[in-house]
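Contents: one structure, followed by commentary.
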Amino acid sequence: MNFFSSDYKHAADEMVAEQIYARNIRDPQILEAFRQIPRQLFVDVSQKKLAYSDQPLPIGFGQTISQPYVVAYMIDAMQIDKSAWVLEVGTGSGYETAILARLAGNVFTVERISELSLRAQEVIAQIGLSNIEFRIGDGCLGWQEKAPFSHIVVTAASPEIPTALIDQLALGGKLLIPLGSAGGGQELTLIEKTPLGLKSQKILPVRFVPLIWNSASEKHSSKK
Ligand code: SAH
């Protein structure tokens, strides 16, 4: 099915050329995924005109759909392919989930706000992506039954990494998380689990909504 009227198709192509390709993300499969996923379905009806603009947008409940470039940057940094078994913490609109699902083998996504998860599930069913499983709950606990994951992406910011996510990352796996406080400076950080321990690299200054911690979740110290 084609979800693109010629206007939206044009906007998607332009978004890819000007916001993603022009900023040095050149992986043809990533670019194609951004051309194919109809972003206008993931934004609030009142924001449809802005669906392909270079910014995050409100999706209700105080949350946002991330800026397209930031989503592309995250996915590029994780080096996802069809063998990837991915956990996403913070489904939000489901847009990043859909892009991930185009590129990965399987995607498991957790969202704490049930209304957002259900809305994302509806849109994704409409598009017809079937390699995604949704869970409503606390993503700081990961998804134990599906672990270990080759990739884990957290789409909300926190000063610390939930221990469960480190535990559920496969050896050789990659975890991407915006580290920092809600209002202050945050650094998108790429963590690799190697036989010698965790390797961590700050890759992009970002601004995300906060990751909400449940008192039961343990924090892994990132400062070592
Ligand atoms: N990639 C998403 C970003 C959504 S914003 C998009 O582009 O639409 C981040 C999301 O993380 C919000 O929906 C928020 O509710 C969710 N979130 C925050 N803390 C969480 C937690 N502990 N567990 C699961 N989801 C969480």
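Between Lys219 and Asp7, what is the label-to-label distance in nm when each label sits 7 Å out along the Cα-to-Cβ direction?
Each label point is offset 7 Å from its Cα along the Cβ direction, giving 4.7 nm.
Of the peptides 195-206, 136-147, how do they stack up when ordered by the mean number of other Cβ atoms within 10 Å, highest first?
On the way: 195-206: 12.2, 136-147: 17.7.
The most tightly packed comes first, giving 136-147, 195-206.
Of Ile212, Val89, Met78, which is farthest along the charge dipole of the chain in the positive direction, counting Lys and Arg as +1 and Asp and Glu as -1 at C-beta?
Met78
Evaluated at 20 °C with a viscosity of 1.002 mPa s, what Stokes-Einstein diffusion coefficient in µm²/s does the chain have when Rh comes from the Kirkwood expression over alpha-carbon pairs? Kindly include the intermediate steps, with their values, before the conclusion.
Working: Rh = 17.5 Å.
My calculation gives 123 µm²/s for D.
With θ taken as phi - 60° and the coefficients 6.51, -1.76 and 1.60, list the Karplus ³J(HN,Hα) couplings across the range 168-176 in order, rounded to whole Hz; mark glycine and proline as x.
Each residue of the range 168-176 in turn: 8, 8, 5, 5, x, x, 10, 10, 10 Hz.
Rounded to a whole number, what is D in µm²/s for the range 1-85 from Stokes-Einstein with the Kirkwood radius over alpha-carbon pairs (4 °C, 1.567 mPa s)?
Value of D from the Cα-based Kirkwood radius: 96 µm²/s.
Over the range 6-221, what relative contact order in percent results from Cα pairs under 8 Å that are six or more residues apart?
Details: 432 pairs, mean separation 31.0, N = 216.
For the range 6-221, the relative contact order is 14 percent.
Assigning unit charges at the beta carbon (Lys, Arg +1; Asp, Glu -1) and nothing else, what dipole magnitude in debye, to the nearest 20, does the chain show about its Cα centre?
340 debye
Classify the range 150-224 as rounded, prolate or oblate, taking a ≥ b ≥ c as the square roots of the eigenvalues of its Cα gyration tensor: rounded when a/c is under 1.5, otherwise prolate if a/b is larger than b/c and oblate if not. Please list the in-between numbers first.
Values: a/c = 1.89, a/b = 1.32, b/c = 1.43.
Oblate.
For Trp85, what accessible area in Å² do you get when you roll a 1.4 Å probe over the heavy atoms of the protein chains, rounding to the nearest 10?
Rounded to the nearest 10, that gives 90 Å².
Which whole-angstrom value gives the distance between the alpha carbon centres of the range 1-42 and the range 114-149?
23 Å
Reachable lysines from Lys9, Cα under 29 Å, same-chain residues fewer than 8 places away excluded?
The reachable lysines, counting only those whose Cα sits under 29 Å from Lys9, are Lys48, Lys49, Lys82.
If each DSSP helix of 4+ residues adds -39,500 (n - 2.57) and the sum is divided by the residues in the chain, what number results at 222 nm, nearest 500 deg cm²/dmol? Walk me through the numbers before you get to the answer.
Working: 6 runs with 58 residues, N = 224.
Mean residue ellipticity, 222 nm, calculated: -7500 deg cm²/dmol.
Given labels modelled 7 Å from the Cα in the Cβ direction, how far is it in nm from Thr163 to Arg26?
Going from the Thr163 label point to the Arg26 one covers 4.4 nm.
Out of all DSSP beta bridges with both ends in the chain, state the antiparallel percent to the nearest 5.
Antiparallel bridges make up about 50 percent of those DSSP assigns within the chain.
Explain nothing, just compute: Karplus ³J(HN,Hα) = 6.51 cos²θ - 1.76 cosθ + 1.60, θ = phi - 60°, for every residue of the range 128-141 in order, whole Hz, x for Gly and Pro.
Each residue of the range 128-141 in turn: x, 8, 10, 9, 10, 10, 10, 9, 9, x, 8, x, 5, 8 Hz.
Residues in the range 133-171, backbone N under 12 Å from the label point at Ile212 (7 Å along the Cα-to-beta-carbon vector): list them, ranges by number please.
137-140
Taking the solvent-accessible surface of protein heavy atoms with a 1.4 Å probe, what is the per residue accessible area of the chain in Å²?
47 Å²
Can you run phi through the Karplus equation (6.51, -1.76, 1.60; θ = phi - 60°) for the range 14-20 and list ³J(HN,Hα) in whole Hz, with x for Gly and Pro?
5, 4, 4, 5, 8, 9, 10
The values are calculated or read from the model by the stated rules, or taken from the named source; none is laboratory data. Fair warning: this is a prediction, and the values are worked out from it, not measured in the lab. Because the Cβ atoms are built from the backbone with ideal geometry, glycine has one as well, and the counts that use them run over all protein chains shown. With ligands, DNA and RNA removed, areas are computed over all heavy atoms of the protein, side chains included. Shrake-Rupley method; radii C 1.70, N 1.55, O 1.52, S 1.80 Å.
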